[in-house]
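Just below is one structure, and these are the notes that go with it.
We did not get these values from a lab; they are worked out from the coordinates using the rules stated. This structure is a prediction, so every number in the text was calculated from the model and none was measured. Methodologically, a virtual Cβ is constructed for each residue, glycine included, from the backbone with ideal geometry; neighbour enumeration extends over all protein chains shown.
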Amino acid sequence: MLIEELKREVEKRLPSIRAAHVFRVAETATALASLYSVDQEKVEIAALCHDIAKAMERDKLRSIIEDNGIDRRYLSYPHELWHAPAGTVIAKKEFGIADEDILNAIMYHTTGRRGMSDLEKLIYIADLIEPGRDFPGVEDLRLIAQLSLDDAMKASISHSLQYLIAQQATIYPDSLECYNEHVQKQE
Ligand SMILES: [Fe+2]
Ligand SMILES: [Fe+2]
């Protein structure tokens, strides 16, 4: 599916506020892609698809996860995580995207995981720092993202875990593994 067609799918499937976020993520991620020599087209496709399932009903997300061999552990964690694996299924089945790296970038954009590729990290970070985001520390994250992808990933996953802990929300194991990996890497 062409980029222009994907953009139309985003506008069709998401409320305008969410679609605008997706387009800002795509701009942010492609700008970072040139800095870190990651394939621009793959980055743009992954960014456009990352929240494609975000507006779906909870029951629909649940059945997509159940019917497509997705890790059932997601269903015991907050439903806010479900749109990521569901988005991967839509990208694959409805948009015909077969590139594993793109599919993984969609799959792990909410949780992170151990052993993320540069493309996966770019989408995770861009989702957090796109210009519409406003939270204490976002300027620091934007700055770090210009300097080092690993440092930015470490700062981003730390931010996300701190946020979840402050909410006393449960933390998906992949996020903890991602955090541990990045902290251990830089000891
Ligand atoms: Fe998302
Ligand atoms: Fe997003």
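With respect to Leu147, determine if the residue is closer than 22 Å to Val43 by Cα, assigned to a helix (DSSP H, G or I) and not small (Gly, Ala, Ser).
Values: closer than 22 Å to Val43 by Cα: yes; assigned to a helix (DSSP H, G or I): no; not small (Gly, Ala, Ser): yes.
Criteria not met by Leu147.
Considering each of Ile90, Ile64, Ile45, Ile52 in turn, give the residue that is more than 16 Å from ligand 2 (Cβ to nearest atom), out of contact with any strand residue (DSSP E or B) (no Cβ under 9 Å at 6 or more places or on another chain) and in contact (Cβ under 8 Å) with a residue 24 or more places away in the chain.
Checking each option against the conditions leaves just Ile64.
State the number of residues belonging to segment 50-83 that are in a helix (DSSP H, G or I), under 24 Å from Thr28 (Cα atoms) and out of contact with any Phe, Trp or Tyr (no Cβ under 7 Å at 6 or more places or on another chain).
Qualifying residue count, segment 50-83: 2.
Give the residue that is farthest from Ala152 (Cα to Cα), with candidates limited to residues of segment 108-125 that are within 11 Å of ligand 1 (Cβ to nearest atom) and part of a helix (DSSP H, G or I).
So, considering only residues that are within 11 Å of ligand 1 (Cβ to nearest atom) and part of a helix (DSSP H, G or I), the one farthest from Ala152 (Cα to Cα) is Ile123.
Filter segment 93-118 down to the residues that are surrounded by fewer than 23 Cβ atoms within 10 Å (Cβ to Cβ) and aliphatic (A, V, I, L, M), then identify the one that is farthest from ligand 2 (Cβ to nearest atom).
Among those residues, the one meeting the criterion is Ala98.
Output the residue which, of all residues in segment 17-70 that are among the small types (Gly, Ala, Ser) and within 16 Å of ligand 1 (Cβ to nearest atom), is surrounded by the fewest Cβ atoms within 10 Å (Cβ to Cβ).
Ala55
Looking at (1) out of contact with any Phe, Trp or Tyr (no Cβ under 8 Å at 6 or more places or on another chain); (2) surrounded by 15 or more Cβ atoms within 10 Å (Cβ to Cβ); (3) assigned to a helix (DSSP H, G or I), find the lone condition where Lys12 falls short.
Failing condition for Lys12: (2).
In segment 126-144, what count of residues is obtained for those that are part of a helix (DSSP H, G or I), in contact (Cβ under 8 Å) with a residue 24 or more places away in the chain and out of contact with any Leu (no Cβ under 7 Å at 6 or more places or on another chain)?
So the count comes out to 1.
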